[in-house]
Amino acid sequence: MIEVRWHGRGGQGIKTASRLLALAQVGEGWWVQAVPEYGPERSGAPMVAYNRADETPIRRHDAITHPTLVVVLDRSLWREQEVWTGLGSGGLVLLNAPEVPVETDWHRDMVMAVPADRLAREAGAGYANVVMVGAVRAVLGRGGESSLTVAVQELFGRRLSAAAMAATERAVMAGYRFVRDAEKAS
Amino acid sequence: MSKQEQQEVQQEGCRTSRPSPDARLVTGAEAVAEAMRQIDPDVMAVYPITPQTPIIEAFSQYVADGRVHTELLLMESEHSALSAVVGSALAGARTVTATASQGLAYMIEVLYIAAALRAPFVMAVGMRALSGPINIHADHSDVMLARDSGAVILIAETAEEAYDLTVIATRLAEDPAVMLPVLVGQDGFITTHAAEPVRLLDDALVRGFVGEYHVPYPLLDPGRPTTQGAFSMPDSYFPQKAQEEAATRQAGGRFLTLAGDYARVSGRELSAVETYRTEDAEVVLVAMGSVVGTMKDAVDRLRARGLRVGVLKLRMFRPFPEDALRKEISPGQLLLVFDRALSPGSWPPLFLEVAARIRGNSCRSLVFGLGGRDLSVEAVMTVVEGREDLPANAASHLGIAGGAL
């Protein structure tokens with residue numbers, strides 16, 4: 001079972017990101033859950049969302065406390081919250097930042113910086129959440145680019161203009177390729 | 001989980017390896033809205049409340065897009081919404097509504113009247129804690145308010161079950177032997193807001209299954225005038241209540257038949273009582289709702305450690321499926337009954353129901369998950385492994401200070 005926990009702020013789209021990831025995974029034959037967490041939401045408040053994916057049907061509906069992967073969409077949450085809580089050895093934090101923060105005294109080797117804000121901007125998209133979905137897909141390593149494209153079409157097809165759709169797809173792929181290229185380089 | 005446990009759990013699996021190609025990723029709320037779109041009711045009267053809101057959000061979109069012919073009534077309160085539902089159902093329109101928590105509490109006065117008037121409709125419930133303190137998360141306190149209303153109460157474990165039960169509930173409510181409100185509960189947020197693969201059926205198949213609604217005594221037929229909702233003196237009140245009670249009881253048998261019909265068109269069996277690995281079990285966990293899936297995982301892992309344990313799930317709480325329950329329980333099995341609601345000053349509701357029907361079984365009461373508090377696979381395992389220490393003279397409150405575990 002792969003479990004992902006998303007950290008972001010209200011308005012940054014982690015709920016949408018978790019849904020997009022689940023859509024791409026279900027398209028590849030995974031059993032999935034995309035689980036938003038609700039509290040007193042407001043724009044800018046810290047938010048959490050989750051994903052589960054497995055090769056057999058997922059029956060448990062309890063909370064995800066020991067994720068395999070943590071995604072942090074907002075750089076400021078790194079100091080504000082212990083985003084790595086519950087992450088075991090072999091786990092990974094994907095952080096939306098130009099580089100891993102120097103001040104961290106937590107396992108630096110378990111953090112990967114993805115410059116998602118910059119990649120989103122270069123793609124002409126407004127949001128870094130979709131970049132991080134591409135990055136997560138690349139880290140998990142199963143499935144290719146086509147399932148991501150199909151998922152983007154299914155989730156946003158009715159809501160976005162053709163130009164916005166193209167920008168979103170470019171942003172997702174930018175995240176996917178960033179991680180793939182980083183892994184090749186290491 | 002240890003490596004060995006993992007292996008044994010995997011060996012146990014005779015599960016499918018991929019979601020069906022027609023499975024769609026939807027939340028429990030979206031799945032119910034989709035069922036309602038396919039049912040295409042004549043009237044929906046609602047008032048929004050978390051966590052039911054996404055049901056009417058999705059359904060309103062279907063109305064706006066012209067994908068249903070439904071008259072959508074956005075009322076000024078739940079009390080008014082259910083009053084409109086009752087009028088609509090008695091007039092002969094196929095009618096649905098949806099609510100949760102305080103909204104259901106506000107509907108309760110009208111719900112008793114609806115059942116007495118034998119008004120058939122389906123009510124989706126995103127089951128949520130009652131205030132106070134104010135809380136928006138899952139528990140079963142709200143549907144327990146409807147326990148003695150006369151309405152039928154069905155409870156889903158998953159988003160797909162919420163979908164299936166909504167379709168079956170339409171026929172059940174309108175069945176001539178029943179003619180009652182049917183509540184279809186799913187756990188707030190855990191099921192209403194989490195997206196999972198759901199095998200939605202074809203529109204034509206669902207429409208064929210639910211068919212047309214024919215009200216036997218329409219309120220608005222001037223050629224055949226009827227009196228409905230009349231004052232009832234002591235000479236007639238009790239006999240009418242007895243008829244109503246008989247109808248609620250008959251819903252058990254009718255559900256069995258309709259679920260059988262549904263299995264033929266959908267390939268999915270939805271019995272009132274479902275068991276998982278109980279045949280040779282020494283310990284049986286009894287529960288309703290989304291926690292049952294979590295328990296199934298716990299059961300597999302406990303069996304890998306040599307414990308003979310199983311789960312008994314109730315999909316139906318009213319009428320209480322006592323024959324099915326008795327059939328599935330063997331003498332000597334220890335029953336651990338998990339309630340997601342309290343009855344302060346007494347035992348919790350599901351425990352009372354089960355304890356009243358068993359002979360020759362020990363029974364322990366556990367309250368968990370109030371206001372959305374988590375119950376993990378590991379916590380279920382801890383309860384089962386520590387079962388000898390569970391008190392017999394009081395309910396244990398799981399996961400809180402002062403609770404047994």
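The table below gives the values:
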| quantity | calculated |
| --- | --- |
| Amide H contacts of B:Thr27 (H built 1.01 Å from N, under 5 Å, at least 5 apart or other chain) | B:Glu196 |
| Cα gyration tensor category, rounded, prolate or oblate, for segment B:113-180 with a/c compared to 1.5 | oblate |
| Cα-based shape type of segment B:273-404, given that a ≥ b ≥ c are square roots of the gyration tensor eigenvalues and the cut on a/c is 1.5 | rounded |
| Angstrom value of the Kirkwood radius, inverse mean 1/r, which spans all Cα pairs in segment B:139-250 | 16.7 Å |
| Threshold 20 Å² - residues in segment B:183-231 whose accessible area is reduced by that much or more when the chain is no longer isolated, probe 1.4 Å | B:Phe189, B:Ile190, B:His193, B:Ala194, B:Ala195, B:Glu196, B:Pro197 |
| For the protein assembly as shown, accessible area per residue (1.4 Å probe, heavy atoms of protein chains only), Å² | 41 Å² |
| Amide N proximity, segment B:108-148 versus B:Gln240 label position 7 Å along Cα-to-Cβ, cut-off under 18 Å | B:109-120 |
| Computed over chain B: relative contact order in percent, which uses C-alpha pairs under 8 Å that are six or more apart | 16 percent |
| Global geometry of segment B:333-405, whether rounded, prolate or oblate, following the gyration tensor of its Cα atoms and the 1.5 cut on a/c | oblate |
| Contact order relative to length of segment B:272-405, as percent, for alpha carbon pairs under 8 angstrom and 6 or more apart | 24 percent |
| DSSP-defined antiparallel bridges as percent of all bridges, segment B:3-266, nearest 5 | 20 percent |
| Degrees separating the helix B:3-12 axis from the principal Cα axis of chain B, which is the longest one | 50 degrees |
| Kirkwood hydrodynamic radius of the protein assembly as shown, Cα pairs, Å | 25.3 Å |
| Amide H partners (placed H, <5 Å) of B:Val367, local residues excluded | B:Asp339, B:Ser396, B:His397, B:Leu398 |
| Segment A:1-98 - share of DSSP beta bridges that are antiparallel (%, nearest 5) | 65 percent |
| Antiparallel %, DSSP beta bridges [both residues in segment B:239-355], to 5 | 30 percent |
| Estimated vicinal HN-Hα couplings, Hz - segment A:12-19 in sequence order (Karplus 6.51, -1.76, 1.60; Gly, Pro = x) | 8, x, 6, 5, 5, 4, 5, 5 |
| Partner lysines for B:Lys296 [C-alpha distance under 17 Å; skip if fewer than 8 residues away on the same chain] | B:Lys313 |
| Kirkwood Rh in Å, taken over segment B:35-175 so that all alpha-carbon pairs contribute | 14.9 Å |
| Trypsin sites (Lys or Arg not before Pro) within segment A:1-94: DSSP coil, no more than 10 neighbouring Cβ in 10 Å | A:Arg42 |
| Note, ³J(HN,Hα) from phi for segment B:210-221, Karplus 6.51, -1.76, 1.60, rounded to Hz, x at Gly and Pro | 6, x, 9, 9, 10, 6, x, 10, x, 5, 9, 10 |
| Share of carbon and sulfur in the accessible heavy-atom surface of chain B [1.4 Å probe, %] | 52 percent |
| Buried area at the B-A interface (accessible, heavy atoms, 1.4 Å probe, summed, Å²) | 2400 Å² |
| Distribution of pairwise C-alpha distances over chain B, 20 Å bins, in % | 27, 57, 15, 0 |
| For B:Leu73, residues with placed amide H under 5 Å, excluding near neighbours | B:Met44, B:Ala45, B:Val46 |
| Values of log10 I(q)/I(0), in the order q = 0.14, 0.16 Å⁻¹, for chain A under a Debye, Cα-only, solvent-free model | -0.72, -0.96 |
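The values are calculated or read from the model by the stated rules, or taken from the named source; none is laboratory data. A quick note: this is a predicted structure, and the numbers were derived from the prediction, not measured. Backbone-built Cβ (ideal geometry, glycine too); neighbour counts: all protein chains shown. Accessible surface areas use protein heavy atoms only, side chains included; no ligands, DNA or RNA. Shrake-Rupley method; radii C 1.70, N 1.55, O 1.52, S 1.80 Å.
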